Every structure is written in structure tokens, then in C-alpha cells.
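Data block below; observations after.
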Amino acid sequence: MSQHIAAIETFIVTLPRDTPYLGPLGPGEQVNARGYIVRRGNGTIYPTVDRSIVVRVTCEDGLVGWGETYGICAPRATCEIINDLLAPVLIGSEVDDPAAAWDTLYDLMRVRGCTGGFHVDAIAAIDIALWDLCGKRRGVPVRELIGPTVNTTIPGYLSGLPAATLDERVALARDWQQRGIDAFKFAAVVSHEGIVEEMAALRGALGAAAEIMVDLHWKFTADEAHALAAQLAPYRPTFIEAPVKPEDVAGLGELGRDSPIPIAAGEEWYTAYEAGNRLAAGPLAFLQPEMGHTGITQFARIAALGAVHGAGLAPHATIGTGIFLAASLHVSATQANLWKHEWQHSIFERNLALLDSDMGYAGGHYRLPQGAGLGVAPSEQFWQHAELVA
């Protein structure tokens with residue numbers, strides 16, 4: 001079951017978009033010279049393209065594993081960390097325990113304060129590829145390496161209503177509802193007419209049975225978020241997500257204890273260390289690990305912590321080719337505390353053409369990828385959008 005690593009390569013994969021992620025440009029927003037938008041709603045920078053980093057790990061016997069991580073901003077920084085720092089540590093080594101390899105790579109820079117960000121994104125990509133290799137080596141899907149499959153399909157919820165006006169976003173949601181979708185999340189960053197107003201309009205249009213969530217994008221102080229939750233409560237959101245700045249651990253804990261609406265958090269966390277600190281500060285209703293940040297190793301550890309603390313699992317899904325999404329589905333299939341997995345409809349259906357896979361989404365559920373390892377690999381179309389970064 002051992003595998004000696006011969007090469008680790010990085011690729012930046014870029015796809016143009018007609019409409020920027022989250023929706024059209026809002027008041028005062030513009031595309032800068034490098035192709036980024038700063039969203040006025042929360043001061044966060046986003047690209048105007050879909051972009052991620054894909055890693056190929058090749059063993060001496062020719063077996064290949066695929067991994068992926070965030071590449072939406074400054075992707076060459078992450079590629080350089082892989083090529084200059086992480087790959088030379090692993091090449092020539094024998095890896096049959098991806099979790100131990102994650103710990104080894106994390107230890108390289110932890111005392112220098114690199115406990116997240118580009119460094120741990122880079123580890124996540126390699127981690128996913130190593131799990132893919134191990135599954136292929138043993139002839140089983142990655143999920144079977146993690147635990148028994150308890151979810152044979154993965155329930156999802158629609159994320160994002162990328163239209164310019166509230167009326168258009170409500171119409172988009174109603175159109176999806178008519179196609180059988182019953183769970184929706186909207187983004188406060190582009191709620192230009194008001195967050196409470198958007199929640200009220202969606203509840204009125206979608207009816208009492210629809211599940212509606214709002215991503216607050218870390219916009220508020222704890223006091224502001226608590227006041228907003230009181231205003232939103234009559235419309236019965238399933239949860240409010242990311243209500244306070246990531247650094248405000250105490251404020252998040254306070255909201256977890258006192259908010260009239262369940263709190264979801266965790267897309268920006270990289271490790272179970274971060275999750276443990278948040279859960280020690282206060283309860284959370286849902287944890288949202290993002291595979292592009294955590295890799296399989298930390299995703300599974302965060303999910304386990306959530307189960308101990310009675311939190312539901314609601315994995316985050318972001319811009320990517322589908323490789324780290326496939327990894328997220330594999331781990332989700334093994335988690336008894338899974339609620340629903342985010343479905344980025346404006347990304348998933350289009351970008352899926354980049355992969356050879358039977359992974360899919362229909363009727364409000366993801367179809368798990370089949371086959372050994374992750375069950376996905378780059379298609380011929382993938383290579384039209386991929387740039388090797390040496």
C-alpha cells in the first residue's frame with residue numbers, strides 16, 4: 001500500500017464568467033486592472049473569473065492523484081508555496097497515511113504563524129491528492145478509507161441568487177422552486193435593497209415550507225448581528241451564516257448562545273484547532289468546513305468535533321473545477337450529522353464539464369462520484385483552461 005512520490009505539479013485553472021460571482025456589479029463597484037472587484041458590502045475582494053489551483057501528484061509507478069484548492073486570489077502565491085516548500089519535502093518519500101503527511105507539512109511553518117491562509121490552502125490540495133492516491137492504490141472510493149457510508153446521496157441547498165435587483169432575485173428563487181428546489185441561501189453582500197427586506201420578500205414568495213438562509217459575510221459586530229437576528233426571526237431563517245468577523249471568537253460564541261436564530265460558521269476555518277477554539281467559546285448549530293481550505297484530513301477532524309458538540313454539518317462549496325467538491329462529498333457521505341451540502345448552482349453545472357466523472361446534482365441531491373479514489377479526473381476540456389506553474 002506504500003507509494004513513493006516522483007513529482008508534484010501545480011496548475012492554475014481559469015474560466016471566464018459573464019456575471020461575476022455573487023452577482024452583477026453593485027453601486028460604486030468596479031473591476032480593477034488585475035480583474036478583481038472589491039464588494040462594497042463587506043470589503044472583500046473577488047475575481048471576475050472562476051479560478052482554482054489543481055495539483056497532480058505522480059508516484060514512481062505512474063499512479064496519479066488529483067487535488068485542488070482555492071485559487072481565486074493571487075493563485076501563484078499558493079503554487080509557489082507548493083513548488084518551493086511542500087513538494088521538495090514529499091518527493092521521494094513514501095506516503096500511505098495522508099493524515100500523517102498533513103501533520104508533517106503543517107508543522108513546517110506553524111511556529112512562524114502560518115496556521116492558515118495560502119500555506120494551509122497549499123497543504124489542502126496535496127492532502128486531497130494523497131487521499132485520491134490511497135483510494136486508487138487500494139481500489140476503493142476515498143469515503144471507504146474514512147468510514148462507513150451513511151449517506152448514499154448528499155442533500156443540498158441552493159446557494160446564491162446572482163441577479164441585479166431584489167425583484168429579479170425573488171423571481172430566480174421562484175423559478176428554482178418550480179423546478180423542485182426547497183432550500184435557498186442568499187448573500188447579504190449583494191442585498192442592496194436591505195437584508196431584512198430580502199428575507200421578507202423571499203419568505204413571501206417561497207412560502208412557509210421553504211428553507212431560507214442568509215450568508216452575512218462577517219459584516220457585523222456581535223451586537224449588530226444580534227439586533228439583525230431579532231429582525232429576521234419572524235421570517236424563520238434556518239440559519240444565519242458568518243455573522244461576525246472571523247477574529248471575533250468571543251462574539252461568535254455569544255451569538256451561538258443567545259441568538260434567536262441558529263448560527264452557522266466555519267467556511268474560513270482551516271483546521272480543527274480553529275474549530276475547537278470556536279466551539280469552546282460557545283455552541284454553534286451548524287459547522288461549514290470548506291474542503292478547498294481544509295483538505296480531507298482537517299474536514300474529517302472538524303466534522304468529528306462538530307458531532308461531539310451536537311452541531312449539524314453543512315459543508316461549504318466554493319469556486320473550483322469540482323475536484324475538491326468531490327472530496328467534500330466523499331467525507332460528507334460518512335457523516336451521520338450531515339444536514340445539507342451547499343450547491344453553488346452558478347458554478348457546479350458549468351464547471352463539471354472540466355472533469356471525467358459521474359458526479360452530478362438532481363432533485364436537490366448530489367450524486368456521489370463512483371470508482372476508486374475521488375472518482376474524478378480532468379477531462380479533455382480541462383486542459384484548455386489549465387496553465388502549468390513550475
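The values are calculated or read from the model by the stated rules, or taken from the named source; none is laboratory data. Given the structure is predicted, the values throughout are model-derived calculations rather than measurements. No Cβ is skipped: glycine too gets one built from the backbone with ideal geometry, and neighbour counts run over all protein chains shown. Quick note on the areas: whole protein, heavy atoms, side chains included, nothing else; ligands and nucleic acids left out. Shrake-Rupley method; radii C 1.70, N 1.55, O 1.52, S 1.80 Å.
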Within the stretch 368-383, is even one residue within 16 Å of the chain's Cα centre (by Cα) and either part of a helix (DSSP H, G or I) or closer than 20 Å to Ser52 by Cβ (or both)? no
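Only one of these is out of contact with any strand residue (DSSP E or B) (no Cβ under 7 Å at 6 or more places or on another chain) and within 30 Å of Gly375 (Cα to Cα): Ala264, Ala300, Ala250, Ala275. Name it. Before you say what the answer is, go through the steps one by one.
Numbers: Ala264 fails: out of contact with any strand residue (DSSP E or B) (no Cβ under 7 Å at 6 or more places or on another chain); Ala250 fails: within 30 Å of Gly375 (Cα to Cα); Ala275 fails: out of contact with any strand residue (DSSP E or B) (no Cβ under 7 Å at 6 or more places or on another chain).
Selected residue: Ala300, the only one of Ala264, Ala300, Ala250, Ala275 that is out of contact with any strand residue (DSSP E or B) (no Cβ under 7 Å at 6 or more places or on another chain) and within 30 Å of Gly375 (Cα to Cα).
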Scanning the stretch 233-267 residue by residue, those hydrophobic (A, V, I, L, M, F, W, C), within 14 Å of Ile212 (Cβ to Cβ) and crowded, with 22+ Cβ neighbours inside 10 Å turn out to be Phe239, Ile240, Ile261, Ala264
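Among what's in the stretch 51-61 and is open to solvent by 20 Å² or more (accessible area, probe 1.4 Å) and at pLDDT 95 or above, pick the residue that is nearest to Ala129 (Cα to Cα).
Of everything passing the filter in the stretch 51-61, Arg56 is nearest to Ala129 (Cα to Cα).
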In the stretch 268-287, anything assigned to a helix (DSSP H, G or I) and either crowded, with 19+ Cβ neighbours inside 10 Å or modelled with pLDDT under 95 (or both) is listed as Ala272, Glu274, Ala275, Arg278, Leu279
The number of residues in the stretch 50-84 that are of a type outside the set (Gly, Ala, Ser) and in a helix (DSSP H, G or I) is 9
Does Leu329 fit the bill of being open to solvent by 10 Å² or more (accessible area, probe 1.4 Å), part of a helix (DSSP H, G or I) and either under 24 Å from Asp132 (Cβ atoms) or at pLDDT 95 or above (or both)? no
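Would you please name the residue that is surrounded by the most Cβ atoms within 10 Å (Cβ to Cβ), looking only at residues in the stretch 81-99 that are touching a residue at least 60 places away in the same chain (Cβ under 8 Å) and under 16 Å from Val54 (Cα atoms)? First the steps, then the outcome.
We begin by selecting, within the stretch 81-99, every residue touching a residue at least 60 places away in the same chain (Cβ under 8 Å); these are 82-83, 86-87, 90-96, 98-99.
Applying the additional criterion that residues be under 16 Å from Val54 (Cα atoms) yields 82-83, 86-87.
Numbers: Ile82: 27, Asn83: 17, Leu86: 22, Ala87: 19.
Looking at the filtered set, the residue picked out is Ile82.
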The one condition Met213 fails out of (1) over 19 Å from Gly256 (Cα atoms); (2) buried (at least 19 other Cβ atoms within 10 Å of the Cβ); (3) among the hydrophobic types (A, V, I, L, M, F, W, C) is (1)
Exception for Ile319 within (1) of a type outside the set (Asp, Glu); (2) open to solvent by less than 10 Å² (accessible area, probe 1.4 Å); (3) touching a Ser or Thr at 6+ places or on another chain (Cβ under 8 Å); (4) at pLDDT 95 or above falls at (4)
Okay, helices (runs of 4 or more DSSP H) sitting entirely in the stretch 117-222 with 1 or more residues that are among the polar types (S, T, N, Q), I get 166-178
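So, Val111, is that one of a type in the set (Val, Ile, Thr), surrounded by fewer than 22 Cβ atoms within 10 Å (Cβ to Cβ) and in a helix (DSSP H, G or I) or not? Please lay out each step first, then the result.
Values: of a type in the set (Val, Ile, Thr): yes; surrounded by fewer than 22 Cβ atoms within 10 Å (Cβ to Cβ): yes; in a helix (DSSP H, G or I): yes.
When the stated conditions are applied, Val111 passes them.
I'd like the full set of residues that are closer than 23 Å to Ser159 by Cα and either at pLDDT below 95 or among the hydrophobic types (A, V, I, L, M, F, W, C) (or both), limited to the stretch 231-254.
Taking the stretch 231-254 and keeping what is closer than 23 Å to Ser159 by Cα, we get 231-246, 252.
Listed by number, the residues that qualify are Leu232, Ala233, Phe239, Ile240, Ala242, Val244, Leu252.
Among the residues of the stretch 308-316, is there at least one that is touching a residue at least 40 places away in the same chain (Cβ under 8 Å) and either more than 28 Å from Ser259 (Cβ to Cβ) or part of a helix (DSSP H, G or I) (or both)?
To start, the set of residues in the stretch 308-316 that are touching a residue at least 40 places away in the same chain (Cβ under 8 Å) comprises 314, 316.
In the following step, the residues that additionally are either more than 28 Å from Ser259 (Cβ to Cβ) or part of a helix (DSSP H, G or I) (or both) were identified as none.
Scanning the stretch 308-316, I find no residue that is touching a residue at least 40 places away in the same chain (Cβ under 8 Å) and either more than 28 Å from Ser259 (Cβ to Cβ) or part of a helix (DSSP H, G or I) (or both), so the answer is no.
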Going through the stretch 1-42 in order, the residues found to be open to solvent by 40 Å² or more (accessible area, probe 1.4 Å), among the β-branched types (Val, Ile, Thr) and part of a strand (DSSP E or B) are Thr14, Val31, Val38
